[in-house]
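Asker: Just dropping this structure here.
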Amino acid sequence: MKEVLRTCCVCRKKQNKNLMYRLSNQGEKIFIDNKKKYCGKATYVCKNDECINSLVNKKVLNKIFKHNIGIDVYKRISEELIDTKH
């Protein structure tokens, strides 16, 4: 079976999509798509602290999803990603 690669929205490194987190945008709600099945705009991020921290500090999702995302959403996503990792 062919390996499916995705690009991290922070570091731009390509790797297997199963080794990354998928963040989905459903309307105004942004969440971690653990099942990787929701429709709509989505992006991938590496499962390492450096990429997760840069995602929040540089507010990368604002550019990707093309709307202003509040700091509370970034904080929630960061906490969820770090909790999922450990």
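Asker: Would you mind giving the three semi-axes, in whole Å and largest first, of the ellipsoid equivalent to the chain according to its Cα gyration tensor? Kindly include the intermediate steps, with their values, before the conclusion.
Answerer: Values: eigenvalues 73, 44, 31 Å².
Computed over the chain, the values are 19, 15, 12 Å.
Asker: Calculated from DSSP H runs of 4 or more alone, at -39500 (n - 2.57) each and per residue, what is the 222 nm mean residue ellipticity of the chain, nearest 500? All intermediate terms of the calculation are to be shown ahead of the outcome.
Answerer: Values: 3 runs with 30 residues, N = 86.
Computed mean residue ellipticity for the chain: -10000 deg cm²/dmol.
Asker: Specify the angular offset, from 0 to 90 degrees and rounded to the nearest 10, of the alpha carbon long axis of helix 71-85 from the longest principal axis of the alpha carbons in the chain.
Answerer: Tilt relative to the chain: about 30 degrees.
Asker: To continue, here is another question. Rounded to the nearest 0.05, what FRET efficiency do Val4 and Glu80 give with R0 = 35 Å and r taken as the Cβ-Cβ distance? Could you check? Please report the intermediate quantities before stating the final value.
Answerer: Values: r = 23 Å, r/R0 = 0.67.
The formula returns an efficiency of 0.90 here.
Asker: Of all the accessible heavy-atom surface of the chain, with the other protein chains kept in place and a 1.4 Å probe, what percent is carbon and sulfur? Don't jump to the answer; show the numbers that get you there.
Answerer: On the way: 2780 of 5720 Å².
Looking at the chain in its full context, I get 49 percent from C and S.
Asker: Sorting Asp72, Asp49 by accessible area (1.4 Å probe), largest first, what list results? Provide the component values of the computation, followed by the final result.
Answerer: Numbers: Asp72 105, Asp49 70 Å².
Order by accessible area, largest first: Asp72, Asp49.
Asker: Can you give me the solvent accessible area of Ser54 with a 1.4 Å probe, rounded to the nearest 10 Å²?
Answerer: Only protein atoms counted, so the area is about 30 Å².
The values are calculated or read from the model by the stated rules, or taken from the named source; none is laboratory data. From a predicted model like this one, the values you see are computed outputs, not experimental measurements. Don't worry about glycine lacking a Cβ; one is built from the backbone with ideal geometry, like all the others, and counts go over all protein chains shown. Remember, those area values only see protein heavy atoms, side chains included, never the ligands or the DNA or RNA. Shrake-Rupley method; radii C 1.70, N 1.55, O 1.52, S 1.80 Å.
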